[in-house]
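Engineer: Have a look at this one before I ask anything.
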Amino acid sequence: MSYSFMEMRSEIMDTAEKVPQLAMERSLLEDLPEIRLPEGFSIRSFQNGWDKEWEAIIGAAFQTTISFHDTIALCKQYKPANVLFICDGETPVGTATAWCRDDLPEGTGYLHMVGVLPGYGGKGLGLAISLAVLHNLKQSGYTKVFLHTDDFRLPAIKQYLRLGFKPVYNSEGAAERWQAVRNILHKTDDFR
């Protein structure tokens, strides 16, 4: 029986309470695979004026309004070269940011604000832009990468697992929540 991601999201959302986001970590950045993009796509760093493109991508991906200026540009960690975009020709259609956080151990970077426009799903672009951030962090000297995600972001979790991220059990109930995510992912015909 096929079990759609929308059905899975609905199942998780119906039982979700206000809980901390799930955490994941990836070590050993020296074994990163090459980035593979469909023909016509490229990866670029932030260009002047792309704040509106970032807001459109992240807004669509997270179904909310988020300000680039407030969320990224005003932060001391902000470097335009670390805000990456995947472009279809000249048009930005996905983004992710290589970030650092003061609350993480030394040598640990952060995969931040990953999103792809809905019309571009199923092309592996989320995986590609996340992998580009991992390469960026590796080149900057980081040896580990940490991220946060929501239980219902199952396609993203699936991609993070494919990229070698492992669940982190750092909050009350995290083990049970991760088990619920695993159970739902195992219901899909294409889970690997």
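Engineer: Please work out which one of (1) out of contact with any Lys or Arg (no Cβ under 6 Å at 6 or more places or on another chain); (2) over 26 Å from Arg177 (Cα atoms) is the condition Arg26 fails and give its number.
Structural biologist: With respect to (1) out of contact with any Lys or Arg (no Cβ under 6 Å at 6 or more places or on another chain); (2) over 26 Å from Arg177 (Cα atoms), Arg26 is out only on (2).
Engineer: From the list Leu131, Leu137, which residue is buried (at least 21 other Cβ atoms within 10 Å of the Cβ) and over 11 Å from the mean Cα position of the chain (by Cα)?
Structural biologist: Exactly one residue qualifies, and that residue is Leu137.
Engineer: If I filter segment 142-153 for residues that are polar (S, T, N, Q) and within 13 Å of the chain's Cα centre (by Cα), do I get at least one hit?
Structural biologist: Looking through segment 142-153, at least one residue is polar (S, T, N, Q) and within 13 Å of the chain's Cα centre (by Cα).
Engineer: Mind checking whether some residue in segment 127-138 is at pLDDT 95 or above and part of a loop (DSSP other than H, G, I, E, B)?
Structural biologist: no
Engineer: Of the residues His112, His69, which is assigned to a strand (DSSP E or B) and open to solvent by 30 Å² or more (accessible area, probe 1.4 Å)?
Structural biologist: His112
Engineer: Quick check on my filter: what residues within segment 141-192 are more than 24 Å from Asp31 (Cα to Cα), open to solvent by 50 Å² or more (accessible area, probe 1.4 Å) and among the aliphatic types (A, V, I, L, M)?
Structural biologist: Ala175
Engineer: Next question. Against the definition (modelled with pLDDT of 95 or more and within 21 Å of Ile35 (Cβ to Cβ)), how does Lys144 come out, yes or no?
Structural biologist: Yes, satisfied.
Engineer: Right, here's the next one. Tell me, which residue of segment 7-45 that is hydroxyl-bearing (Ser, Thr, Tyr) and within 24 Å of Asp150 (Cα to Cα) is modelled with the highest pLDDT?
Structural biologist: Ser27
Engineer: Just one of Ala98, Ala81 is open to solvent by less than 10 Å² (accessible area, probe 1.4 Å), in contact (Cβ under 8 Å) with a residue 12 or more places away in the chain and closer than 15 Å to Gln139 by Cα; which is it?
Structural biologist: Sole residue among the options that is open to solvent by less than 10 Å² (accessible area, probe 1.4 Å), in contact (Cβ under 8 Å) with a residue 12 or more places away in the chain and closer than 15 Å to Gln139 by Cα: Ala98.
Engineer: Restricting the search to segment 53-78, which residues are farther than 20 Å from Ser42 by Cα and charged (D, E, K, R)?
Structural biologist: Within segment 53-78, Asp70, Lys76 qualify.
Engineer: Here is a further query. Are any residues in segment 162-184 among the hydrophobic types (A, V, I, L, M, F, W, C) and in contact (Cβ under 8 Å) with a residue 24 or more places away in the chain, and if so, which ones?
Structural biologist: Leu163, Phe165, Val168, Ala174, Trp178, Ala180, Val181, Ile184
Engineer: Being open to solvent by less than 50 Å² (accessible area, probe 1.4 Å) and either in contact with a Cys (Cβ under 6 Å, 6 or more places away or on another chain) or among the β-branched types (Val, Ile, Thr) (or both) is the filter here; which residues of segment 38-66 pass it?
Structural biologist: Ser42, Ile57, Ile58, Ile66
Engineer: Looking for something at pLDDT 95 or above, touching a Gly at 6+ places or on another chain (Cβ under 9 Å) and of a type in the set (Gly, Ala, Ser) - is there at least one such residue anywhere in segment 153-167?
Structural biologist: no
The values are calculated or read from the model by the stated rules, or taken from the named source; none is laboratory data. This one's a predicted model, so the numbers in the text were calculated from it and none came from an experiment. Don't worry about glycine lacking a Cβ; one is built from the backbone with ideal geometry, like all the others, and counts go over all protein chains shown. Side chains are part of the model used for accessible areas, which takes the heavy atoms of the whole protein and leaves out ligands, DNA and RNA. Shrake-Rupley method; radii C 1.70, N 1.55, O 1.52, S 1.80 Å.
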